[in-house]
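See below for the structure under consideration.
The values are calculated or read from the model by the stated rules, or taken from the named source; none is laboratory data. Treat the numbers as computed from the prediction; the structure is a model and nothing was measured. Reconstructed Cβ throughout: ideal geometry from the backbone, glycine too, with neighbour counts over all protein chains shown.
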Amino acid sequence: MLILGIESSCDETSVAVVENGRKVRANVISSSASHFAAMGGVVPEMAARTQLECVLSVLQGALQQAEVQLGDIDAIAVTAGPGLLGSLLVGTCTARVLGAVRKLPVIPLHHTLGHLYSAWLEQPSDPKFPYLCLSVSGGHTELWYCQSHLIRTLLGSTRDDAAGEAFDKGAKLLDLPYPGGPALAQLAEQNTAHDLHGFTRPLSGEQTLDFSFSGLKTALLYLLRDHPTYKTERQAWVAASFQAAICEHLVDRIALACSAHPEICEIHLVGGVSANRTLRTKISEVAHSQHKTVRYPVQSDFCTDNAAMIASAGFFNKDSQIETFATFASGSLAEQGRQNS
Ligand code: KG4
Ligand code: ZN
């Protein structure tokens, strides 16, 4: 089964063709991130206008790369929410028009559900249920217990900032360019000092699987205020310390969830922050110590927003996505799971 995926929830426009939920025949991504770098963030109206201009050429590019025509496609999966309204409209309108003209089913999907499937793309073997999935991006931080394709439970989520947002805000405090996560990670890799600054671990005394990052951001703000020279003279050390604190908090929760659910076979790490090498190393250590398989998206462009993950989620969830677009764009993925069941 060939599914055409469309993703346009933020500043990317992406179209993919995925076979049976796993094999990526094409995954074309047009990003305006470099354009927004100079502005320090995404301007929603400008993002939507750029997406409107490029969506058809991205679609054409994906069909060409996959060596298929629209007539070969069996269904269209599209991100229906959450995201920037104008940006989402570009993707959903494109999907609906293609669906109406070619008489194809259109599957509206929650963006987070797409991320959960990025660790199913091009894997050497199929993941085994039940597994834990930590989804960390600029907009959300969620820990899922995945029992089957249709049954999943949200074990914990962030109480304030998302992990990617913490990276981005930390990067801003260090005067690094947008998007801050990759820039901060790159800087942290230049650190040569062994002793890192010890940021207080968030929620360390609590037996919760929730996350919290806003305290870390404030601690970094105060550290730089109290030691103004750190920003220039010890920038890599500060970046490495801040990155370590974020990663340790995420890994703490994974370790706690593994103890609570010893039956899980695998740990998946997905979302934009899953590209972070330090986080991968730390999560692998926990997974191996607990004899679990660890999986990440196999390519870096499957970590950040892309349409291949949306096509994959569409394939595996096509029978359960019964909401209309109007109800789908609002509410969390967990709420939608409850409505479905
Ligand atoms: O999944 P994604 O592309 O978009 C959302 O759904 O939000 O994630 C983007 C986030 C940004 O906050 C970005 O700074 C972060 O992922 N990110 C990283 C790295 N690459 C991307 N954070 C830390 N280390 C990285 N290597
Ligand atoms: Zn995303």
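A quick yes/no check of all residues on (1) part of a helix (DSSP H, G or I); (2) touching a Leu at 6+ places or on another chain (Cβ under 8 Å); (3) surrounded by 13 or more Cβ atoms within 10 Å (Cβ to Cβ):
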residue: P228; (1), (2), (3): no, no, no
residue: A245; (1), (2), (3): yes, yes, yes
residue: H249; (1), (2), (3): yes, yes, yes
residue: A255; (1), (2), (3): yes, no, yes
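Please determine, by comparing only the residues of the range 17-27 that are in a strand (DSSP E or B) and either within 22 Å of H110 (Cβ to Cβ) or in contact with a His (Cβ under 7 Å, 6 or more places away or on another chain) (or both), which one is farthest from ligand 2 (Cβ to nearest atom). Steps first, please.
To start, the set of residues in the range 17-27 that are in a strand (DSSP E or B) comprises 17-19, 23-27.
Applying the additional criterion that residues be either within 22 Å of H110 (Cβ to Cβ) or in contact with a His (Cβ under 7 Å, 6 or more places away or on another chain) (or both) yields 17-18, 24, 27.
On the way: V17: 20, V18: 17, V24: 17, N27: 14 Å.
Checked the range 17-27; the qualifying residue farthest from ligand 2 (Cβ to nearest atom) is V17.
Name the one entry in L154, L184, L150, L134 that is buried (at least 20 other Cβ atoms within 10 Å of the Cβ), away from ligand 2 (no atom under 16 Å from the Cβ) and in contact (Cβ under 8 Å) with a residue 24 or more places away in the chain.
Details: L154 fails: buried (at least 20 other Cβ atoms within 10 Å of the Cβ); L150 fails: buried (at least 20 other Cβ atoms within 10 Å of the Cβ); L134 fails: away from ligand 2 (no atom under 16 Å from the Cβ).
Just one listed residue meets the conditions, L184.
Here is a list of conditions, (1) assigned to a loop (DSSP other than H, G, I, E, B); (2) of a type outside the set (F, W, Y); (3) closer than 17 Å to M309 by Cα, and L116 meets all of them except one; can you say which number that is?
So the condition that L116 fails would be (1).
Among the residues of the range 199-219, write down those that are free of Cβ contacts under 8 Å to residues at least 60 places away in the same chain and in a loop (DSSP other than H, G, I, E, B). Spell out how you get there, then give the answer.
Restricting attention to the range 199-219, the residues satisfying the condition of being free of Cβ contacts under 8 Å to residues at least 60 places away in the same chain are 199-208, 210, 212, 214-219.
Across the range 199-219, the qualifying residues are F199, T200, R201, P202, L203, S204, G205, E206, Q207, T208, D210, S212.
Would the range 32-50 turn up any residue that is modelled with pLDDT of 95 or more, in a helix (DSSP H, G or I) and small (G, A, S)?
No, there is no match, as no residue in the range 32-50 is modelled with pLDDT of 95 or more, in a helix (DSSP H, G or I) and small (G, A, S).
Scan the range 287-300 residue by residue and report those that are part of a loop (DSSP other than H, G, I, E, B) and of a type outside the set (D, E, K, R).
Here is the first cut: in the range 287-300, the ones part of a loop (DSSP other than H, G, I, E, B) are 290-292, 296-299.
Within the range 287-300, Q290, H291, Y296, P297, V298, Q299 qualify.
Could you please tell me which pairs satisfy a Cβ distance under 9 Å, a separation of 6+ or placement on different chains, a first residue in the range 237-255 that is free of Cβ contacts under 8 Å to residues at least 40 places away in the same chain, and a second residue that is within 16 Å of ligand 2 (Cβ to nearest atom) and not in a helix (DSSP H, G or I)?
C247/N276
Can you find even one residue in the range 276-286 that is outside any helix (DSSP H, G or I), more than 17 Å from E142 (Cα to Cα) and either polar (S, T, N, Q) or modelled with pLDDT of 70 or more (or both)?
Of the range 276-286, the ones outside any helix (DSSP H, G or I) are 276.
If we keep only those that are more than 17 Å from E142 (Cα to Cα) as well, we get none.
No, the range 276-286 contains no residue that is outside any helix (DSSP H, G or I), more than 17 Å from E142 (Cα to Cα) and either polar (S, T, N, Q) or modelled with pLDDT of 70 or more (or both).
If I go through the range 301-334 residue by residue, how many of them are part of a helix (DSSP H, G or I) and at pLDDT 95 or above? Don't jump to the end; show me each part of the working.
First, the residues of the range 301-334 that are part of a helix (DSSP H, G or I): 301-303, 307-317, 325-328, 333-334.
If we keep only those that are at pLDDT 95 or above as well, we get 301-303, 307-316.
Total satisfying the criteria: 13.
Can you give me the number of residues within the range 157-181 that are assigned to a loop (DSSP other than H, G, I, E, B), closer than 18 Å to T208 by Cβ and within 16 Å of ligand 2 (Cβ to nearest atom)? I'd like the intermediate steps shown before the answer.
Residues of the range 157-181 assigned to a loop (DSSP other than H, G, I, E, B): 159-162, 174-179.
Now restrict to residues that are closer than 18 Å to T208 by Cβ: 159-162.
Then keep just the ones that are within 16 Å of ligand 2 (Cβ to nearest atom); that gives 161-162.
Residues in the range 157-181 being assigned to a loop (DSSP other than H, G, I, E, B), closer than 18 Å to T208 by Cβ and within 16 Å of ligand 2 (Cβ to nearest atom): 2 in total.
Residues S14, S9: which one is crowded, with 18+ Cβ neighbours inside 10 Å, part of a loop (DSSP other than H, G, I, E, B) and either of a type in the set (S, T, Y) or within 16 Å of ligand 1 (Cβ to nearest atom) (or both)?
On the way: S14 fails: part of a loop (DSSP other than H, G, I, E, B).
After applying the criteria, what remains is S9.
Report every pair of residues separated by at least 6 positions or lying on different chains whose Cβ atoms are under 9 Å apart, first residue within the range 258-274 and among the aliphatic types (A, V, I, L, M), second more than 16 Å from ligand 1 (Cβ to nearest atom) and part of a helix (DSSP H, G or I).
What qualifies is I264/A257; I264/C258; I267/I254; I267/A257; I267/C258; I267/V286; I267/A287; L269/I254.
Restricting to the range 121-139, name every residue that is more than 21 Å from C258 (Cα to Cα) and within 16 Å of ligand 1 (Cβ to nearest atom).
Within the range 121-139, L121, S137, G138, G139 meet the criteria.
Here's the yes/no breakdown for (1) modelled with pLDDT under 95; (2) within 30 Å of S214 (Cβ to Cβ); (3) under 14 Å from the mean Cα position of the chain (by Cα); (4) away from ligand 2 (no atom under 16 Å from the Cβ):
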{"position": "A77", "(1), (2), (3), (4)": "no, no, no, no"}
{"position": "P82", "(1), (2), (3), (4)": "yes, yes, yes, no"}
{"position": "S87", "(1), (2), (3), (4)": "no, yes, no, no"}
{"position": "L116", "(1), (2), (3), (4)": "no, yes, yes, no"}
{"position": "P127", "(1), (2), (3), (4)": "no, no, no, yes"}
{"position": "P130", "(1), (2), (3), (4)": "no, no, no, yes"}
{"position": "G138", "(1), (2), (3), (4)": "yes, yes, yes, no"}
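Given the criterion closer than 24 Å to L143 by Cα and away from ligand 1 (no atom under 15 Å from the Cβ), identify the matching residue among T229, T200. Don't jump to the end; show me each part of the working.
Numbers: T229 fails: closer than 24 Å to L143 by Cα.
Step by step, each of T229, T200 is checked, and only T200 is closer than 24 Å to L143 by Cα and away from ligand 1 (no atom under 15 Å from the Cβ).
So that you can scan it fast, the table gives a plain yes or no per residue for (1) free of Cβ contacts under 8 Å to residues at least 40 places away in the same chain; (2) under 17 Å from the mean Cα position of the chain (by Cα); (3) surrounded by fewer than 18 Cβ atoms within 10 Å (Cβ to Cβ):
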residue	(1), (2), (3)
A26	no, no, no
P44	no, no, yes
L52	yes, no, yes
V58	no, no, no
Q65	no, no, yes
T112	no, yes, no
